[in-house]
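Rule-based calculations on the coordinates, nothing more; no lab input. Model, not experiment: these values are computed from the prediction. Glycine also receives a Cβ, built like all others from the backbone with ideal geometry; neighbour counts cover every protein chain displayed.
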Amino acid sequence: MNRRNFLRNASISGAGIAAAATGISCNSTNTKEKETNSTSMPITRTLNAPVAICTWGFTDANETAGKALDAGMNALDAAIKGVAVEEEDIRNTTVGKGGAPDRNGTVSLDASVMDSNGNCGAVVCVENITNVAALAKVVMLETPHVMLAGEGAEELAYKHGFKADELLTPSSAAAYKEWLKTSEYKPLINIENHDTIGMLCMDKDGDIAGACTTSGLSYKMKGRVGDSPIIGAGLFIDNEVGGAAGTGLGEEIIKTVGSFLIVELMRQGKTPQEACEEAINRIVTKHNSVEDFQVAYIAINKKGETGSYCIHPGFAMMEYRNSKNSRIETKSHLKT
């Protein structure tokens, strides 16, 4: 039973009857057909689509998504296609196969996706599947749930044709053995250990969707989950407003529900850049010092405008627009 059928069957005797009694239609309306959004504000249609942006300097991933958008792919599938490049790149020690293991030597992956209709899916603590962003989409479409964990997520993956894969590569295993010599546990996020690719796409119709995928903190405690699979923290989309994604120390992003905050700030009229800066300020003001961790955000609004901001220098955002893929160095709260 897919998600649509489940929700229809579960609600037919309740919500459907209530809607009929009040004269409210149960049929959804495509946002592109509306003249106003839920707050009666005019919807701005972009003249700049398609656009793809992602965290960090993941050039190939962002270009893959951008070219898919140019070819007519929808925003969600383009984002998933883009992040899969890093999930499958064993040279990337913070995403997908080849990611750094936890303190017990096991690689586990987390991911989330969110589409332009507000649907979302996520997986956490997945140990044997490489393309977890694609698996998060399966959770979204084929189950009545938003998030599945561990063995349950893997069982769903195998049911839908995913193949089991060994995520611990020889190089990541060697690095783990070297780490065991000191077993120093410092959950720091910096330009060498950035942990996440978050990607936001706007397709030719002006619809926005996103994906976020990671192997999490290197040598994390077993079972640790960061912000990446948490809707509203590592990723959030409202197709009437825009979208945002975060990277860095996930615990800090979760505490301020960073991506949701950015979208709400854009709803209030802030530009993507202003919203990202305010979200970072919310984190900074809660700490006496932010010297020991990094957080960065990217955002896009319905006009196709983008923004990014971070705590420490060194973060960059990729932006694909008009068939050009550009690296954009991000302004930071701290200057050195």
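Short-range pairs are left out: with C-alpha atoms under 8 Å and at least six residues apart, the relative contact order of the range 265-336 is 27 percent. Computed over the Cα atoms of the range 212-336, the ratio of the radius of gyration to the Kirkwood radius (Rg/Rh) comes to 0.96.
When the C-alpha to C-alpha distance is required to be over 26 Å, the pairs from Lys159/Lys302; Lys97/Lys222; Lys204/Lys270; Lys137/Lys163; Lys181/Lys331 that qualify are Lys159/Lys302; Lys181/Lys331. Can you list the residues, at least 5 places off or on another chain, whose amide H is less than 5 Å from the amide H of Asn325, using H built in the peptide plane? Residues meeting the amide H criterion: none. A simple packing score, the average count of other Cβ atoms within 10 Å per residue, orders the peptides 209-220, 142-153, 94-105 as 209-220, 94-105, 142-153, with the highest score first.
Here the convex hull built on the C-alpha positions of the range 150-293 has a volume of 155 cubic angstrom per residue. Other residues within the sphere of radius under 13 Å centred on the Cβ of Ser112, judged by their own Cβ, net out at -2 (K and R +1, D and E -1). Protection proxy ranking, highest mean first, for peptides 73-85, 172-184: 73-85, 172-184, where packing is the per-residue count of other beta-carbon atoms within 10 Å, averaged.
Other residues within the sphere of radius under 10 Å centred on the Cβ of Ala78, judged by their own Cβ, net out at -1 (K and R +1, D and E -1).
So how far, in whole Å, is the C-alpha centre of the range 245-310 from the one of the range 59-102? Comparing the Cα centres of the range 245-310 and the range 59-102, I get a distance of 22 Å. Peptides 289-298, 244-253 ranked from most to least packed, by the mean per-residue count of other Cβ atoms within 10 Å: 244-253, 289-298. Neighbours of Ala233 by Cβ distance under 12 Å: Lys/Arg scored +1, Asp/Glu scored -1, total -3. Short-range pairs are left out: with C-alpha atoms under 8 Å and at least six residues apart, the relative contact order of the range 35-329 is 24 percent.
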